[in-house]
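K.L.:
Supplied in structure tokens, the structure appears directly below.
The values are calculated or read from the model by the stated rules, or taken from the named source; none is laboratory data. Since we're looking at a predicted model, the values are computed, not measured. No Cβ is skipped: glycine too gets one built from the backbone with ideal geometry, and neighbour counts run over all protein chains shown.
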Amino acid sequence: MTAMNDEMNRTAEALVAAGKGILAADESDPTIKKRFDTVAVESTEENRRTYREMLFTTPGLENFISGVILFDETIRQRSADGVPLAEVLAARGIIPGIKVDKGAKPLALADGEKVTEGLDGLRSRLAEYRRLGAGFAKWRAVYSIGAGRPSRDCVRVNAHALGRYAALCQEAGLVPIVEPEVLMDGTHSIGDAAAATARVLAAVYDELFAQRVDLRGTLLKPNMVLSGYSASEQAGAAEAAEATLDVMYRHVPAAVPGIVFLSGGQSDEDATVHLNAMNALGPHPWQLSFSFGRALQGPALHTWSGAEQNRTAAQQALHHRAALNSAARSGSYSPAMERASAAL
């Protein structure tokens with residue numbers, strides 16, 4: 001293993017350290033606007049900076065959060081005291097990361113399917129992000145279920161893009177988080193979700209191998225295998241945990257240090273319950289962790305609502321949510337903890 005590979009392996013392992021997970025704060029401008037609209041806050045650059053600085057400076061957050069995924073705007077911003085936000089995180093032992101894809105766009109001649117763009121110029125952007133303090137990166141591909149989807153073409157082209165992205169990240173010394181998200185929207189069964197996720201992961205790891213990516217310096221950020229959110233029959237947490245783990249065991253190599261699950265539109269509590277159920281069935285070849293966005297930020301955002309006087313209470317809400325997911329890392333979470341005091 002080269003010195004750079006060794007460094008990336010250490011970073012990947014630090015990101016999935018026991019009891020810790022990743023805060024996804026990489027919402028695009030349209031997405032953060034939608035979130036702010038729910039609390040009647042205007043999505044200005046200053047409001048976005050204030051909100052994210054509030055999250056990043058939560059007392060004790062470093063006990064539960066190992067890394068934060070940033071948006072391009074955020075990694076260039078400074079705190080109210082003039083310190084780059086990436087340095088604010090690093091000073092607390094939290095590794096800054098960066099979203100580098102340019103979003104999922106319609107896949108040509110494939111109705112209803114998408115391919116993620118952003119490979120053009122990626123090499124130079126990665127070098128700049130490393131200079132700005134990033135230790136890892138993230139690229140998201142999305143796949144829908146139903147009516148022949150995901151198609152073989154959609155699976156293939158997104159796997160190829162994920163492979164190219166991951167190879168470029170490692171060339172730059174950044175740990176790539178590989179995020180193939182099979183969307184759980186729809187009426188599909190949990191069996192359909194498992195089959196689609198299995199096809200996607202098989203293609204992704206074939207491509208990572210073909211492009212010489214060192215899996216020891218990567219993390220996987222997949223969906224959990226669930227019943228479609230609109231399905232008439234909903235699998236329970238135990239069934240979902242077993243279905244998800246079955247797919248992971250069949251398709252994720254043990255060389256991968258950790259799997260950091262996305263919440264994918266689940267409620268805050270459901271995401272924690274499902275993560276806990278999987279860890280309760282451990283140990284596993286990889287660390288099973290989390291990389292949640294809205295499922296971590298939701299209570300904090302609604303508590304804050306743009307008001308400085310709500311800052312401490314909002315930080316308490318984030319701290320509490322992060323602590324609950326930390327407990328789920330060891331399978332020790334219980335719903336009773338939801339009602340416990342969130343005081344810092």
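K.L.:
Pairs needed: first member in segment 171-191, in contact (Cβ under 8 Å) with a residue 40 or more places away in the chain and within 16 Å of GLY148 (Cβ to Cβ); second member anywhere, in a loop (DSSP other than H, G, I, E, B) and β-branched (Val, Ile, Thr); C-beta distance under 8 Å; at least 6 residues apart or different chains.
P.N.:
What qualifies is VAL182/ILE145; LEU183/ILE145; GLY186/ILE145; HIS188/ILE145.
K.L.:
Another one. Quick one: in segment 39-58, of everything that is among the aliphatic types (A, V, I, L, M) and either touching a Gly at 6+ places or on another chain (Cβ under 7 Å) or at pLDDT below 95 (or both), which residue is nearest to GLN77 (Cα to Cα)?
P.N.:
To start, the set of residues in segment 39-58 that are among the aliphatic types (A, V, I, L, M) comprises 39-41, 54-55.
The next check asks that each one be either touching a Gly at 6+ places or on another chain (Cβ under 7 Å) or at pLDDT below 95 (or both); those that pass are 39, 41.
Details: VAL39: 23, VAL41: 19 Å.
Checked segment 39-58; the qualifying residue nearest to GLN77 (Cα to Cα) is VAL41.
K.L.:
Going through segment 214-246 one residue at a time, which ones are surrounded by 23 or more Cβ atoms within 10 Å (Cβ to Cβ) and assigned to a loop (DSSP other than H, G, I, E, B)?
P.N.:
THR218, LYS221, PRO222, ASN223, MET224, VAL225, LEU226, SER227
K.L.:
I need the full set of residues from segment 68-105 which are out of contact with any strand residue (DSSP E or B) (no Cβ under 9 Å at 6 or more places or on another chain) and small (Gly, Ala, Ser), in order please.
P.N.:
Selection gives SER79, ALA80, GLY82, ALA91.
Residues are listed down the side, and each one gets a yes or a no for (1) over 19 Å from the mean Cα position of the chain (by Cα); (2) part of a loop (DSSP other than H, G, I, E, B); (3) of a type in the set (A, V, I, L, M, F, W, C):
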position: LEU89; (1), (2), (3): no, no, yes
position: ILE98; (1), (2), (3): no, no, yes
position: LYS102; (1), (2), (3): no, yes, no
position: VAL115; (1), (2), (3): no, no, yes
position: GLU128; (1), (2), (3): yes, no, no
position: GLY163; (1), (2), (3): no, no, no
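K.L.:
Would you mind finding the one in GLU42, GLU53 that is in a helix (DSSP H, G or I) and either more than 15 Å from the chain's Cα centre (by Cα) or free of Cβ contacts under 8 Å to residues at least 40 places away in the same chain (or both)? Steps first, answer last, please.
P.N.:
Working: GLU42 fails: in a helix (DSSP H, G or I).
Going through GLU42, GLU53 in turn, just one is in a helix (DSSP H, G or I) and either more than 15 Å from the chain's Cα centre (by Cα) or free of Cβ contacts under 8 Å to residues at least 40 places away in the same chain (or both): GLU53.
K.L.:
Return the residues of segment 76-99 that are among the acidic types (Asp, Glu) and either surrounded by 16 or more Cβ atoms within 10 Å (Cβ to Cβ) or farther than 15 Å from THR50 by Cβ (or both); say none if nothing qualifies.
P.N.:
GLU87
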